[in-house]
1. Tell me the carbon and sulfur percent of the accessible area for region 25-108, rounded to whole percent, probe radius 1.4 Å.
2. So who's got an amide H within less than 5 Å of the one on Ile498, skipping anything under 5 residues away but keeping other chains? H placed 1.01 Å off N, in plane.
3. Under a 5 Å amide H to amide H cut-off, with H placed in plane at 1.01 Å, what residues pair with Ile580 once short-range neighbours are removed?
4. For region 260-371, give the percent of accessible area contributed by carbon and sulfur heavy atoms, probe 1.4 Å, rounded to a whole number.
5. Counting heavy atoms of the protein chains only and a 1.4 Å probe, report the per residue accessible area for region 249-328 as a whole number of Å².
6. Rounded, prolate or oblate: which fits region 150-234, taking a ≥ b ≥ c as square roots of the Cα gyration tensor eigenvalues, rounded meaning a/c under 1.5, else prolate when a/b beats b/c?
7. In nanometres, what is the gap between the two model label sites at Asp492 and Arg227, each 7 Å from Cα along Cα-to-Cβ?
8. How long is the gain from Phe211 to Trp170 if the chain were fully straight, where each residue apart is worth 0.36 nm and the alpha carbon distance is subtracted?
Amino acid sequence: MSTKTTPAVIPTPSRGLKELTRQVQRSERFPELLAALQNGHSGTIDGAWGSAGPLAAAALGLHAPKTLLIVLAHVGDLDDFRDDVATFSGIQPEVFPAWERHPREVAAGDEVFGRRLRVLRALRSDTPPRIVVVPMQALLQPVPLPEVIERGARRVKVGDTIAVEELSSWLVHRGMTRVDVVEVAGEFSLRGGLLDVFPIDANEPIRIEFFGDEVESIRPFDPESQRSLGRFDDALLTGAPEWSSADLSSMGDLTGYLAKGSWVALVEPNDLREEGRHYLGRLDDKTGIVPVEAAFARLVKFPSITLSTLVASSLETTCNLRIESIERFSGELTKVKAELDSAAGGDRVLIACHNEGEVERLREVFADTEIARTGRLELTVGRVRSGFHMIDAATLVIGDHELFARTDVRRPVTRRRYESRAIDSFLDLNEGDLVVHLNHGIARYRGLTLVDKSAEHGEETLLLEFAEGTKLFVPIAKIDLVQKYVGGGKGDPPLSKIGGSAWEKRKKRVAEAVIDLAAELIDIQASRASQPGIAYPAENSHWMTEFEASFPYQETPDQLSAIEAIKVDMAKPRPMDRLICGDVGYGKTEVAMRAAFKAIDAGKQVAVLVPTTILAEQHHRSFTQRMAEFPFTIEVVNRFRPKSEIKDALKRTAAGTVDILIGTHRLVQKDVVFKDLGLIVIDEEQRFGVEDKEWLKSLRATVDILTLSATPIPRTLHMSLLGIRDISNLETPPPDRKAIETRILRFDEE
């Protein structure tokens, strides 16, 4: 985007992982393979099991004279392969992504469009990227020729004389959208002498400041905070190439951007061909799409390497890595130790852990194994997606997530730039929303209106419409009298009549109900205050510290705040009663797991009460995977389990040998007895009936209660807002959280 660039974030591979790359380079015939490639010929690497494929690619990338283009069959493998290559080589590969739609349907602000253009520009630069990873689908999709990209870009320098309106018109012609505030790529905003532009291939927007028609300064800025991130001497404004007028059948392809001296690595060529044919078969309009064999013909014009797991006969120079796949581990701590000793045989074991906390914990966990006692266990920070056994190096390589059957998680390299957050002012109101005026009742909000008090001054007001069309203007200064209406009914309530007595009568009835509720709450609070609860240790134990460090994601600020608040609550000598409120995917379960772990670590039992059988199974799987490395017993009771198993689980719960019992309404039945219950986690309390809540009410005065909810009932939320129950809000989504997508589909037995 500018002459000033920000260096890429490059992961530093550990000494052990670097040594693996060197070991591949020492493989028999690998030097011959490199010589063949340097002379313009092709070669084959076989035996690339698991993450050994990215390992071999990393070794090749270190020797490629220019760019190494790695072609994968499946879009879903892209990020994993890229991250493994970065781990082994220390080079952060570029990714050339694929569209899910046809290029004709792409808008200027399309994120994939921008990422593709960034890679294309990098390949044409004086220092092209060392490694580029591309899925077969993206390789078949057309790219604009360099001259087309240049026609869609314009360089602006400090000191240039440019008519602001002319530049604004140019941006519109290049597919950019004019908005009030720039937020995403493909947008621009013009406010007086300030032009904010977010080029489609940029990581952040830029602010061009004009003095008259002269460009006075160019600064990148953070779209969330609006703060400048530095200064540029010039900037390249990139819009969308003119796809509508261009003939897609005459467009270029990615290989046309590769510099002379580049190499190509084809990962499983048979899979590449098959996936290419499947992609073409899904398209109704194939205009501009490159045929599979034509794509291969263009690729093999460069020195190419075939990467495959199985040995295949070939006349090309072939390097066999002598690498084996490894068996899956059970995930149970007691079994994993024996399985690891057995899998290693007499070889060294290298375990890649996702952080230092995991390194320390696994060092303690495997201290009594044969490989540890004989000094053959090496633990290092790094990422290996799928383990493998290097025969010549006598080394077993495995990722920590594979040992305990955990899902591997990739941490984002850069922070998320935009984070949704609640709007806690009248700006949250939309025209037509129902509101409540403290003195007059329910009305409909009709927007902001400027009321002229005199010829010189005006006052901005909220326009509210009541029954019979009566309108009321509420000055902004008295905004505290108006609240957004939140009701529990399915339909809209009738609007109130100004001057009538109905609203006053309704407020009186509510006040009486509140008094009854207050009396009930006072009884519960008095009982809680009079009976000392469980005071857990304020400081983290060694296990608790390790458990927190093993969390594979980055906690959000809201999560950290909620976790700290729970620790404070649990350390107090009175029962905890806290509500964790947050949308789906915001990390409520992890917060609950931290609380549960603290309770178990202190010798207490935990009950997890959920409204549905599916949720019980989901929580059982989540808790089991998350705590796999610790000697905790976790059971679930629901209608899918045989009665004999449920009976046995309840018997062991009563004896105190079950640490966490997860279940639906089955947990509130009389035959469920805990030996030493310390914490109850309730997921979506509003979905339980009156009898269930009576059971919880009896326990609320003696044990810690943690309630999780995405949509708390008004009564529960109101109690929290009044301070009767403690509340923690999770308003910040985790980085790269995917939006919830709900679909209604026709039933199909298959």
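The values are calculated or read from the model by the stated rules, or taken from the named source; none is laboratory data. Since this is a predicted model, take the numbers as computed values, not measurements. A quick note on method: Cβ atoms are made from the backbone with ideal geometry, for glycine too, and the neighbour counts reach across all protein chains shown. Side chains included, ligands, DNA and RNA excluded: accessible areas come from the protein's heavy atoms. Shrake-Rupley method; radii C 1.70, N 1.55, O 1.52, S 1.80 Å.
1. Working: 1330 of 3000 Å².
The computed percentage sits at 44.
2. Excluding prolines and chain starts, which carry no amide H, the hits are Ala467.
3. Result for Ile580 returns Thr707, Leu708, Ser709, Ser728.
4. 50 percent
5. Per residue, region 249-328 has an accessible area of 54 Å².
6. rounded
7. Spacing of the two 7 Å Cα→Cβ label points: 4.3 nm.
8. Values: separation 41, 0.36 × 41 = 14.76 nm, distance 1.94 nm.
So the extension gain works out to 12.8 nm.
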